[in-house]
Amino acid sequence: MPDTSNAVHDIIERLGNLVRADVRAACHAQGVRPVQFEALSYLTQCNRYSDTPQAVAEYLGLTKGTVSQTLKVLEEKSLLLKRSDRLDKRVVHLKPTARGRRLVEQVIPSESVASGIETLSARARHESVEVLRQLLRSIQQANGLKTFAPCRTCRFNQQREGHYFCGLTQEPLEDDDVRLLCREHQYPATGTSSS
């Protein structure tokens with residue numbers, strides 16, 4: 001029996017190759033490079049604490065220079081808007097335009113993933129998501145990586161008088177903030193991994 005780590009690596013690599021091939025083809029048809037699409041896709045999933053160039057660089061594991069050029073092209077293609085933070089003008093927030101969001105919706109999920117998932121039973125779909133989620137969390141924790149997960153699973157997320165509140169920033173959270181990815185996310189010590 002092959003080593004489990006090797007088998008898991010091989011499966012993830014093959015799945016990644018299939019998804020990337022679909023994404024590359026869709027991006028080519030839209031005149032967008034895959035790295036540009038990855039940045040745009042992330043920005044459709046993140047909250048207001050995580051929509052900065054630095055957060056994009058952290059999430060994608062890219063240099064600030066690469067991300068800066070990527071964001072510039074997305075802005076030139078009218079797929080992305082930049083705006084200064086209302087309290088700290090040095091901070092730039094990034095928001096996909098309606099056109100940018102439509103592009104992401106057209107590409108994700110990839111055709112390969114969508115057609116493969118459709119052949120699974122409802123139970124197998126649920127189990128697949130849970131196992132992949134657990135594996136992702138385990139890899140992130142074992143390697144000291146940022147989790148970039150939804151606020152609702154974060155140790156800082158609190159409920160006060162029926163509203164969400166971030167214990168880290170000491171600010172109220174909107175419903176969108178709680179369901180979107182956050183760069184400051186930390187799982188509770190004994191919390192759940194669901195997202």
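Computed from the coordinates by the stated procedures, all read-outs in this text should not be read as laboratory data. Since this is a predicted model, take the numbers as computed values, not measurements. Note that we place each Cβ from the backbone using ideal geometry, even for glycine, and neighbour counts take in every protein chain shown.
Odds and ends about this structure:
- Label point distance in nm, Phe165-Glu127, each placed 7 Å from Cα along Cα→Cβ: 4.2 nm
- For Val8 and Arg33, the difference between the fully extended length at 0.36 nm per residue and the C-alpha to C-alpha distance is 6.2 nm.
- The trypsin sites (Lys or Arg not before Pro) of segment 62-113 that DSSP puts in a loop, and whose beta carbon has at most 12 other beta carbons within 10 Å, are Arg86, Lys89, Arg90.
- Contact order relative to length of segment 16-97, as percent, for alpha carbon pairs under 8 angstrom and 6 or more apart: 27 percent
- The chain - percent relative contact order, Cα under 8 Å, separation 6 or more: 20 percent
- Share of Cα-Cα pairs in the chain lying beyond 23 Å, as whole percent: 52 percent
- Segment 1-117, dipole about Cα centre (Lys/Arg Cβ +1, Asp/Glu Cβ -1), debye to the nearest 20: 740 debye
- When shorter helices are ignored and each DSSP H run of at least 4 residues is given -39500 (n - 2.57), the per-residue value for the chain at 222 nm works out to -17000 deg cm²/dmol.
- A Cβ-based charge dipole, computed about the Cα centre of the chain with Lys and Arg at +1 and Asp and Glu at -1, lands at about 540 debye.
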